[in-house]
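Written below as structure tokens is the structure these notes are about.
Read-outs throughout are calculated quantities, based only on the coordinates presented, and are distinct from any laboratory measurement. Worth saying up front: this structure is predicted, and the values here are computed from it rather than measured. Here Cβ is always computed from backbone atoms with ideal geometry, including for glycine, and neighbour counts include all displayed protein chains.
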Amino acid sequence: VAQVMTLPMAAKIVNAGWNEGNVRWRELPRDTDTLRLDTQNFETDTGMLNADCSAMPIMAFLTDHRATTIDRVVDAVKTFRTENKAWAGGEVNLREQLAEKAASGDAPEGSLDQVNLRLATGNVGVMAAINDEVRAVKRLILYMLYAAVFLMCLISFHSPRAALCITLPLVLVTELGHALMVHLDIGMKINTLTVVALGVGIGVDYGIYIFARMRESLLAGHALTDAYFASLKTTGIAIFYTALTLAVGVGTWVFSDLKFQADMGVMLTFMFIVNMIAAIVFLPALCRWLLRPFEKTA
């Protein structure tokens, strides 16, 4: 946390300003009229209060917006709230609580000093909520993506083993992409999650092209090795140049001054190239293992 700002802190600065800027006056006045004078010019659009002053945000400015930084700050706030539930009122609605005590005539002294601490507003609060949601659904999204690819390939080729031959290289490349993100210290968030999904979408095209050409040769009675070399001479060349063109195009992002764009340039270049290698090398190996494991090679 680089800086914290709240309405009481701003009121202290204003109070000192009314007294020749003397830092000794940088405090909250106990006189209500003086306190009103210090706070009257703070409008709701400053973000420091709402219309009826029932909420006063504590704005924390962070040195960066990394997930680890946000998690550490949010955990500290949650810990503080848990340890101070006695005065923070827990999750009880403060207005209802005070109204009941006032009606019964047993409102304790100092009860108006209680607050109901809530999380969170501002950019960091939104980012924290987004990060939590991404953590909760990132595996589900990838699993649904793999399932959709498997189902479409199953419908197209009428073979579960053929669908596995196309899907498994995508799983391998995705996990390699996650390893690259760890190595480059790139966090998982909405933008990077879509990049990983994009890699799967590109990779399945390569796999379908290679397998469809191999399947055509296999149905014609050729050996798996011959079908593989035939696919390399035709579809394989097209896949190689397509992947190379895409990789060179996004590879130029590496020189961008924007860190996110530079990171995405590395990620996309990696995904395009490795997906191409997986389709050309790993997919035929799976075909040998799953489709024709006992075929003799000449």
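Given 0.36 nm per residue, what is the gain on full extension from Ala220 to Glu295 after removing their alpha carbon distance, in nm? Can you show the working numbers first?
Working: separation 75, 0.36 × 75 = 27.00 nm, distance 1.56 nm.
Extending this stretch completely gives an extra 25.4 nm.
If you stretched the chain out fully between Met144 and Arg24, how much longer would it get, using 0.36 nm times the residue separation minus the C-alpha to C-alpha distance?
Details: separation 120, 0.36 × 120 = 43.20 nm, distance 6.23 nm.
Computed gain between Met144 and Arg24 is 37.0 nm.
What helices in the chain pass both tests, a Cα length along the helix axis of 20 Å or more and a mean Kyte hydropathy of 1.6 or higher, using whole DSSP H runs?
Numbers: long enough: 67-83 (24 Å, -0.16); 122-157 (50 Å, 1.26); 160-183 (34 Å, 1.26); 190-219 (43 Å, 1.08); 237-251 (21 Å, 1.98); 259-277 (27 Å, 1.24).
What comes out of the filter, once short or polar helices are dropped, is 237-251.
Using alpha-carbon positions, what is the distance between the centroids of segment 51-73 and segment 208-249, in Å?
53
Show me the trypsin sites (Lys or Arg not before Pro) within segment 212-248 that DSSP assigns to loop and that have at most 15 other Cβ atoms within 10 Å of their Cβ. It would help to have the intermediate numbers written out before the result.
On the way: sites: Arg213, Arg215, Lys233; in loops: none.
The qualifying sites: there are none.
Counting Lys and Arg as +1 and Asp and Glu as -1, each charge on the Cβ, what is the dipole of the chain about the Cα centre in debye, to the nearest 20? Intermediate values should be presented prior to the final figure.
Numbers: 25 positive and 28 negative charges, 318 e Å.
For this selection, approximately 1520 debye.
Hey, if you put +1 on the Cβ of every Lys and Arg and -1 on every Asp and Glu Cβ in segment 122-290, which of Gln261, Leu246, Tyr228 ends up farthest toward the positive end of that dipole?
Going by the Cα projections, it comes out as Tyr228.
Assign one of three labels to segment 138-243, namely rounded, prolate or oblate, based on the Cα gyration tensor with a ≥ b ≥ c the square roots of its eigenvalues; rounded applies when a/c is under 1.5, prolate when it is not and a/b is larger than b/c, and oblate otherwise. Let's see the in-between values first.
Values: a/c = 2.92, a/b = 1.79, b/c = 1.62.
Prolate shape, in that a/c is at least 1.5 and a/b is the bigger ratio.
Give, in nm to one decimal, the length gained when the segment between Leu258 and Asp185 is fully stretched (0.36 nm per residue of separation minus the Cα-Cα distance).
Working: separation 73, 0.36 × 73 = 26.28 nm, distance 1.54 nm.
Separation in residues times 0.36 nm, less the Cα-Cα distance, equals 24.7 nm.
Would you indicate which of [x] 52, 45, 34; [y] 76, 66, 52; [z] 98, 48, 27 is the value of Cα extents along the principal axes in Å derived from the coordinates of this structure?
Answer by label: [z].
For Cα pairs less than 8 Å apart in space and 6+ apart in sequence, what is the mean separation divided by the residue count of the chain, i.e. the relative contact order in percent? If you can, show how the numbers build up before the last one.
Values: 272 pairs, mean separation 41.2, N = 298.
Relative contact order for the chain comes out at 14 percent.
For the chain, the longest stretch holding no GluC sites (Glu not before Pro) located in a DSSP loop with at most 16 other Cβ atoms within 10 Å is which?
Numbers: sites that count: Glu20, Glu27, Glu43, Glu91, Glu109, Glu295.
Looking at the chain, 110-294 is the longest stretch - no exposed GluC sites (Glu not before Pro) with at most 16 other Cβ atoms within 10 Å.
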